[in-house]
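What follows is a single structure, written as structure tokens, with notes after it.
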Amino acid sequence: MPSSFFKKMNSLLLAAFFIIAAIFFIYSIYFSNSTRLKFDQITLRNGPGLTYSKNGILKKNERLETIGKENGWIHLKSQDSKTSGWAASWILKNGNKKIDKYGNISQATIVLDPGHGGSDPGSLAKANSRDPKNFEKTYTILTAKATKKALESTGARVIMTRDSDKLLWPLSKITNISKKYNADAFISFHFDNFEIQGVANGFTTYYDNGKNSFQLAKTINSSFNDLPLQNRGVEVGDYYVLRETTLPSVLLEMGYMNNPDDFKIIREKSYRKKIAADLKTSLVNWFNESDQ
Ligand SMILES: [Zn+2]
């Protein structure tokens with residue numbers, strides 16, 4: 001046979017070899033399920049969520065195999081000790097320093113819901129105003145964003161029902177987000193109004209009776225005692241986002257838009273930062289106290 005045929009065959013074989021090697025290389029990067037635990041230890045749970053009981057500990061440098069994924073949680077098996085269980089995927093990235101410092105909240109999923117948005121401005125600071133600085137929706141999202149930042153510093157996974165100026169309608173769109181992420185706590189942010197301008201003042205923490213939310217509402221509300229507005233306490237509130245959900249949920253009314261004294265404080269960045277810091281403190285405590 002002519003030598004050019006062999007040359008062609010050789011180059012074809014070579015090309016095929018490189019293509020197969022490349023496919024294998026990409027496959028091994030994308031589908032590799034073996035890794036080593038990089039930090040001291042991690043507690044595993046019986047299922048993909050914080051509410052499942054603890055069932056084992058993996059130690060540093062154990063070779064891990066991923067055997068499943070659900071709700072942002074990973075089902076891990078140790079090849080060394082034969083231990084298996086679920087861990088929050090974001091914890092594997094963050095390391096265990098946050099777990100040591102803040103405890104359970106590092107493995108929690110918290111949904112923050114900035115009330116209103118889009119065509120729904122919420123309460124108005126001045127009747128008939130068209131200026132967004134007088135709209136409730138402007139302050140609900142600013143407060144939720146400040147809270148997200150504070151909570152994420154604990155390692156928690158924080159999900160916003162909206163992070164731009166849009167309307168979530170029907171309201172089941174809001175409650176479905178908690179279901180989708182199998183969330184551990186839900187907080188809705190609002191600012192009040194009263195029919196007669198300037199009459200009512202202060203903030204209220206609402207929860208839905210009959211759910212596992214009273215303790216959460218109480219813990220959050222008592223952390224708010226350092227806020228500059230009057231604390232109107234904890235109350236049962238018949239709101240869709242609390243009623244149509246099964247996870248611990250609260251709705252915060254953080255002051256009266258149409259009370260000029262309240263509104264002056266609502267507009268201050270320092271007020272939002274205080275709310276965010278209080279929520280961080282109270283949720284860290286609540287997640288540690290309600291441990292399985
Ligand atoms: Zn509202």
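The values are calculated or read from the model by the stated rules, or taken from the named source; none is laboratory data. No experiment lies behind these values; they were computed from the predicted model shown. Because the Cβ atoms are built from the backbone with ideal geometry, glycine has one as well, and the counts that use them run over all protein chains shown.
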Revision key, fill the gap. Taking the range 100-137 and the residues there that are crowded, with 21+ Cβ neighbours inside 10 Å and among the hydrophobic types (A, V, I, L, M, F, W, C), the one that is nearest to the ligand (Cβ to nearest atom) would be Phe135
Review point. Which one is surrounded by the most Cβ atoms within 10 Å (Cβ to Cβ) among residues in the range 179-197 that are on the phi < 0 side of the Ramachandran plot and more than 16 Å from the ligand (Cβ to nearest atom)?
Key: Ala185
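Please determine whether any residue of the range 240-255 is over 21 Å from Lys148 (Cβ atoms) and either within 16 Å of the ligand (Cβ to nearest atom) or of a type in the set (A, V, I, L, M, F, W, C) (or both). Can you show your working first?
Initially, the range 240-255 is screened for residues over 21 Å from Lys148 (Cβ atoms), giving 240, 243-244, 246.
Narrowing further to those that are either within 16 Å of the ligand (Cβ to nearest atom) or of a type in the set (A, V, I, L, M, F, W, C) (or both): 240, 243.
Yes, the range 240-255 contains at least one residue that is over 21 Å from Lys148 (Cβ atoms) and either within 16 Å of the ligand (Cβ to nearest atom) or of a type in the set (A, V, I, L, M, F, W, C) (or both).
Output the residues belonging to the range 198-248 that are among the aliphatic types (A, V, I, L, M) and either touching a helix residue (DSSP H, G or I) at 6+ places or on another chain (Cβ under 8 Å) or crowded, with 17+ Cβ neighbours inside 10 Å (or both). Walk me through it before giving the result.
Narrowing the range 198-248 to residues among the aliphatic types (A, V, I, L, M): 199-200, 216-217, 220, 227, 229, 234, 236, 241-242, 247.
Correct list: Ala200, Leu216, Ala217, Ile220, Leu227, Leu229, Val234, Val241, Leu242, Leu247.
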**Study point:** Yes/no for Ile67 being surrounded by fewer than 15 Cβ atoms within 10 Å (Cβ to Cβ), aliphatic (A, V, I, L, M) and not assigned by TED's automatic domain parsing to the domain that holds Glu253
**Key:** yes
Exercise for review: State yes or no: is Tyr239 hydroxyl-bearing (Ser, Thr, Tyr) and within 20 Å of the chain's Cα centre (by Cα)?
Suggested key: no
